[in-house]
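Let me begin by presenting the structure, written as structure tokens, before commenting on it.
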Amino acid sequence: MPLARSLSVTSLSGLEEWDEEFDVEDAVLFEIAWEVANKVGGIYTVIQTKARLTSEEWGENYFLVGPYVESNVRTQVELIEPTHPTLKRTIEKMNSSGCKVYFGRWLIEGSPYVILIDVGFTAWSLDTWKSELWDLCGIGVPWFDREANDAVLFGFLTAWLLGEYAAQCDEPPHIVAHFHEWLAGLGLVLCRQRQLSVATIFTTHATLLGRYLCAGNVDFYNKLSEFNLDKEAGDRQIYHRYCLERAAAHCAHVFTTVSQITAIEAEHLLKRKPDIVTPNGLNVKKFSAVHEFQNLHAQSKNRIQEFVRGHFYGHLDFNLDKCLFLFIAGRYEFSNKGADLFLESLARLNYLLRVNHSDVTVIAFFIMPARTNNFNVETLKGQAVRKQLWDTAQTVKERFGKKLYESLLVGQLPDVSKMLDKEDFTIMKRAIFATQRQCQPPICTHNMLEDSSDPILSCVRRIGLFNSSADRVKIIFHPEFLSSTSPLLPMDYEDFVRGCHLGVFPSYYEPWGYTPAECTVMGIPSVSTNLSGFGCFMEEHIADPSAYGIYILDRRFRGVDESCNQLTSFLFQFCKQSRRQRIIQRNRTERLSDLLDWRYLGRVLLQIPKDYFCSCKNFRMT
């Protein structure tokens, strides 16, 4: 499979024909990203989930390279001495030259080796390296951009690492370096400038300028060819970042991206057409019996219901058995992630449910991290009241059970009127009075630092969904990542997703979309768009995605109001499904998980360095 042609994954069955032998010995793969053992965004998930597959393929010759962040290393990395002799000499030489380089195993599936570089320890070289970057590439990095400064330090240090490794090799080395995103891209540019014998791959998961333009509410996809790129980047004060990203894309031997929609974007904004499209996958865990993942859904749903009981205490005038849990999650980009469209659709859905006298209640969760002070006192009080009610019920139940037991022991049927005495009724009345509430259940679970200007809360005020008794749609905004250690909603994200009924991700800008993919592998239906990589991938591979619980919203060829009506229609039709229909749909959704398994999708990515060496193994990569 020559890399001269452009390739995309259009047929998973076609991958089985790729059985060429990779006979290059002593080849080493370095995968370089700012999110190695350092969770910032979706790239962390990409690297973490495919590490097992890559480790199995490359064995002891696979090394992940990332920044040393002490708080992450303490919990995620086991530091050890390098076993690879060449790498050991490389790290020793760098450490003796004023660097701090650590080696260990990342404690995830596959236990891959990691090389972690302390960029802060070499911050004294920042001005020198920035001057060198200007002399070599004409790219100036402003002093106030801390993220770009980290990218400069990380780039020079990774190039130093690769160059030192090549120098320490006893024989001419076969090195592949795979760089992710602009934060790691400078290392690639320096490898080419220094003419290191390294085969380079650059993957962009989203273009910088594309993300900024979409956040500015422009007609992005219809005007891709019309943007003055330098001016747009300069107006947004990211020109230096844009230059680093574009340079990496042009210097790479192989340029890849994660979806067809991002490939179009990259061709216009970075001025290079990706050589290969490599969709992101997940580690899919299949159950031996179909009912097992349905049982997990029921267990997680019960835990969410317990939270809802506390959150809506005093106003729990709806049937939880006829309550549907919807959610949106991800980076807090109000327009890019489609939170604006989701909220507007919820207002219209609320109207439809009310005029049709539906007995279904929808609770929509917004899981998007934002700046907060702490938990909302009213929200914490709700969970305390719920627990108090539970304890009261258990106390009365024990007293009732004891009297019943004693009555049966003497061979008499109990007198029901005497089973509960005056004290029992007093305890229960006190508990009921404690549930009285003068205010509506809160929208937000935390105290927001910028409550008046927060986009979600401002939109909620505009559409008037305040969790009142008359509303059939309720909203809960949880501005923090979920955690099993939280005193409020003690659930991991995976368990929370399993307990919901529908994930809603009407994104305007979503290069891939891990959130709907995660829903799919857990058998949870989801809404995506034809502007997301995931949505395009599903449309390409499935004749009727909606039959499998994958609803594709048209945001490319419809206006905002039309898209909102379409989303409202999706949600309303979902609300009209019976419980049995939802169970059948979840079974069909879960069957699609193989499409997103790294065992299939990873073969595309793993083939790139092999093919490159098979055709260029005697060629000096300059």
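The values are calculated or read from the model by the stated rules, or taken from the named source; none is laboratory data. Small disclaimer: the values here were computed from a predicted structure and weren't measured. Note that each Cβ is placed from the backbone with ideal geometry, even for glycine, and that neighbours are counted across all protein chains shown. Only protein heavy atoms, including side chains, enter the accessible area calculation; ligands, DNA and RNA are left aside. Shrake-Rupley method; radii C 1.70, N 1.55, O 1.52, S 1.80 Å.
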For the chain, what is the calculated [θ] at 222 nm in deg cm²/dmol (nearest 500), taking -39500 (n - 2.57) for each run of four or more DSSP H residues and dividing by its residue count? -15000 deg cm²/dmol
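Of the heavy-atom accessible surface of segment 379-440 (probe 1.4 angstrom), what whole percent is carbon and sulfur? Could you put the intermediate results ahead of the total?
Values: 2920 of 4760 Å².
Its accessible area is 61 percent carbon and sulfur atoms.
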Expressed in nanometres to one decimal, the distance between label points 7 Å along Cα→Cβ at residue 215 and residue 486 is 2.3
Among 551, 452, 320 - extreme Cα towards positive end, dipole of the chain, charges at beta-carbon: 320
Size-normalised alpha-carbon gyration radius of the chain, reference 2.2 N^0.38 Å: 1.10
Tell me which of 172, 46, 103 sits at the most positive position along the dipole axis of the chain, charges placed on C-beta atoms (Lys, Arg +1; Asp, Glu -1). 46
Taking 0.36 nm per residue of sequence separation and subtracting the Cα-Cα distance, how much length would be gained by fully extending the chain between residue 305 and residue 128, in nm to one decimal? 58.0 nm
Place a +1 charge on the Cβ of each Lys and Arg in segment 379-440 and a -1 charge on the Cβ of each Asp and Glu, then give the dipole magnitude about the Cα centre in debye, rounded to the nearest 20. 360
Please tell me the relative contact order of the chain in percent, rounded to the nearest whole number, where contacts are Cα pairs under 8 Å and at least six residues apart. 16
Which residue, 112, 157, 210, has the largest displacement toward the positive end of the dipole of the chain when charges sit on each Cβ (Lys, Arg +1; Asp, Glu -1)? 210
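Could you give the dipole magnitude of segment 182-267 about its Cα centre, charging the beta-carbon of Lys and Arg +1 and that of Asp and Glu -1, in debye to the nearest 20?
So the magnitude is around 340 debye.
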For residue 193 and residue 167, what is the calculated FRET efficiency with R₀ set at 25 Å and r taken between the beta-carbons, to the nearest 0.05? 0.95
Name the long-range amide H neighbours of residue 174: under 5 Å, sequence gap of 5 or more, or other chain; modelled H, no Pro or chain starts. 28
Dimensionless Rg ratio for segment 492-596, taking C-alpha atoms and the 2.2 N^0.38 Å reference: 1.00
Convex hull volume per residue for segment 130-276, taking Cα atoms only, in Å³: 99
Only sites in a loop by DSSP and with at most 14 other Cβ atoms within 10 Å count here; which trypsin sites (Lys or Arg not before Pro) in segment 533-566 make the cut? 558
Where the only charges are on Cβ atoms (+1 Lys, Arg; -1 Asp, Glu), what is the dipole of the chain about its Cα centre, to the nearest 20 debye? 2300
Euclidean distance of C-alpha centroids, segment 85-141 and segment 232-248, integer Å: 24
Interchain or sequence-distant (5+) residues whose placed amide H lies within less than 5 Å of the amide H of residue 139 are 134
Protein chains only, probe 1.4 Å: how do 230, 150, 321, 145 rank by accessible area, largest first? 321, 230, 150, 145
Could you give the length gained on full extension between residue 222 and residue 420, defined as 0.36 nm per residue of separation minus the Cα-Cα distance, in nm? 64.2 nm
Report the accessible area of residue 500, computed with a 1.4 Å probe over the heavy atoms of all protein chains in place, in Å² rounded to the nearest 10. 0
How many nm is it between the label spots at residue 236 and residue 96, if each spot is 7 Å from the Cα in line with the beta carbon? 4.6
For the pair residue 81 and residue 437, what calculated FRET efficiency results from E = 1/(1 + (r/R0)^6), where r is the Cβ-Cβ distance and R0 = 56 Å, to the nearest 0.05? 0.40
Rounded to whole Å², per residue accessible area for the chain with a 1.4 Å probe reads 44
Candidate residues 410, 101: accessible-area rank, largest first, probe 1.4 Å: 410, 101
Using a 1.4 angstrom probe and counting only protein chains, how large is the accessible area of residue 359 in Å², to 10? 90
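Please work out how much length the chain gains when fully extended from residue 89 to residue 292, using 0.36 nm per residue of separation minus the C-alpha to C-alpha distance, in nm with one decimal.
Here the segment from residue 89 to residue 292 would lengthen by 68.1 nm.
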Tell me the accessible surface of residue 81 in square angstrom (1.4 angstrom probe, heavy atoms of protein chains only), to the nearest ten. 130
Over its alpha-carbon atoms, segment 379-440 yields an Rg and a Dmax in Å of 15.2, 51
